[in-house]
Amino acid sequence: MDIQSIYSLIQDDMKAVDELIQQRLQSDVALINQLGFYIINSGGKRLRPAIAILSARACGYEGSQHINLATIIEFIHTATLLHDDVVDNSDMRRGQETANSLWGNEASVLVGDFLYTRSFEMMVEIESMRLMQILSHTTNVIAEGEVLQLLNCHDADTTEARYLEVIHHKTAKLFEAAGQLGAVISGSEPHIETAMANYAMHLGSAFQLVDDLLDYSQS
């Protein structure tokens, strides 16, 4: 089964996620709308939201909170992209100019902050301390990953273990949360929750390994 076949299983849910993203991205500040819509619609596959949806559906969930969770996860991911490109001084992402190259570093950082805070507003609306605990911890781990990567930059003595620690913090942790949250909102048994989290975490690690390899292999 290829990825398009997988997405076809959840196409209605993913459409609802896209609609909620557009709705909750709205702001009275024009620059937030411009920059936010640019980065959100820059061609990503919405892998992390898809994992949350697939996890919830696999666990038999029939409510609507999985749409909110998937949107929160995408906002957190997008905020990290905005901050990453500033830290890395990147000009291009996915074949398009980065937001910081178009609007400047200051605007990119501040809109990234807006997406983080909007995601936390949405977490509160779900009214679940368990979900907030997972998502807030995940966001903190991602921030640690950013610092770890900064420390490893241009260090020729970086070890495989340190590299794997960075990709776990920066990438795999949000995948892990997406898989875990789908099981949590479904009321799954602890061993199912753990299995979903672990599967998504390993998938996220594999995704980042391939993504990093492409940086070296593409001309």
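The values are calculated or read from the model by the stated rules, or taken from the named source; none is laboratory data. This is a predicted model, so every value here is computed, not measured. So basically every Cβ, Gly included, is an ideal-geometry build from the backbone, and we count neighbours across all protein chains shown. Ligands, DNA and RNA are excluded from the accessible area calculation, which covers all protein heavy atoms including side chains. Shrake-Rupley method; radii C 1.70, N 1.55, O 1.52, S 1.80 Å.
A compact table of results
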quantity	calculated
Debye-sum result for segment 103-152 in log10 I(q)/I(0), which assumes one identical scatterer on each alpha carbon, at q = 0.19, 0.25 Å⁻¹	-0.76, -0.97
Order of exposure, largest accessible area first, which applies to Ile32, Ile40 with probe 1.4 Å	Ile32, Ile40
Computed accessible area, Arg57, all protein chains, 1.4 angstrom probe, square angstrom	100 Å²
Length-normalised contact order of the chain in % [C-alpha pairs under 8 Å, at least 6 apart]	21 percent
Extended-chain gain in nm, criterion 0.36 nm per residue less alpha-carbon gap, Ser136 and His154	3.5 nm
Sites Asp88 and Gln22, calculated FRET efficiency, Cβ-Cβ separation with R0 41 Å, nearest 0.05	0.90
Straight-distance crosslink candidates among aspartates and glutamates, where the alpha carbon sits under 17 Å from Lys173 and sequence neighbours closer than 8 are dropped	Glu74, Asp84, Glu144, Glu146, Glu165, Glu193, Asp211, Asp212
Accessible-area value, Thr80, 1.4 Å probe, nucleic acids and ligands omitted, Å²	10 Å²
Estimated inter-spin distance, Thr194 and Asp215, nm [label 7 Å along Cα→Cβ]	3.3 nm
Length released on extending from Met129 to Asn33, taking residue separation times 0.36 nm less the Cα-Cα span	31.6 nm
Residue (of His191, Met129, Tyr216) at the positive-pole extreme of segment 120-219, dipole from beta-carbon charges	His191
Net charge dipole size for segment 25-103 [Lys, Arg +1 and Asp, Glu -1 on Cβ; Debye, nearest 20]	360 debye
Probe 1.4 Å, protein heavy atoms only - accessible area per residue of the chain in square angstrom	52 Å²
Carbon/sulfur fraction of accessible area - segment 122-214, other protein chains in place, 1.4 Å, %	62 percent
Principal axes of the chain: Cα extent on each, largest first, Å	45, 45, 34
